[in-house]
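Structure first, then comments.
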Amino acid sequence: MNDPCQDCIKWQHYFKKPFANRALFEYNDAMRAYMKQYKFLGDYRLRNVFNRLIVSELKAMRCPIVVIPVNESTFQERGFNQVLGLCEGVQPVNCLRTRQGKKRKPPIRKESIAEA
């Protein structure tokens, strides 16, 4: 898996500054099923499947970890912040907050990348 993924190729096109992105897992059918069960069906116990590996990798990076917060309605729906669950054991930097208001529909991929 040394070739850049399609997202990395797009990011390199939109952002001229160097960046590094390394996936810990392949996003295949099994991972899609896991994420559906964990995030959308709220099976919080599943955080333990990958937590130890994720925490180990994050600590090895030795850099600040910023977790994108979920808005209040998403938190109420799920009952937890799925990213905080997966990286439980790492102290993130809390420098972001959500905006109040309606839940916005997800932007198209190009807009999401441009907003980053």
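The values are calculated or read from the model by the stated rules, or taken from the named source; none is laboratory data. None of the values given here were measured: they were computed from a predicted structure. Counting neighbours? That spans all protein chains shown, and the Cβs are built from the backbone with ideal geometry, glycine included.
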For this session: Could you grab me the full set of residues in segment 1-38 that are more than 21 Å from E57 (Cβ to Cβ) and in contact with a Phe, Trp or Tyr (Cβ under 9 Å, 6 or more places away or on another chain)?
Result: Q12
Exercise. Any idea which of K39, K10 is more than 18 Å from Q82 (Cα to Cα), assigned to a helix (DSSP H, G or I) and in contact with a helix residue (DSSP H, G or I) (Cβ under 8 Å, 6 or more places away or on another chain)?
Worked result: K10
Exercise. Could you give every pair whose Cβ atoms fall below 6 Å, whose first residue belongs to segment 55-70 and is surrounded by 12 or more Cβ atoms within 10 Å (Cβ to Cβ), and whose second residue is small (G, A, S), counting only separations of at least 6 or pairs across chains?
Worked result: V55/G89
For this session: Hey, can you tell me all the residues within segment 53-72 that are within 20 Å of M35 (Cβ to Cβ) and outside any loop (DSSP other than H, G, I, E, B)?
Result: L53, I54, V55, E57, L58
Exercise. Quick check, is K39 of a type in the set (K, R), surrounded by 10 or more Cβ atoms within 10 Å (Cβ to Cβ) and at pLDDT below 95?
Worked result: yes
Exercise. Out of F50, F25, F75, F80, which single residue is in a helix (DSSP H, G or I), out of contact with any strand residue (DSSP E or B) (no Cβ under 8 Å at 6 or more places or on another chain), in contact (Cβ under 8 Å) with a residue 12 or more places away in the chain and not β-branched (V, I, T)?
Worked result: F50
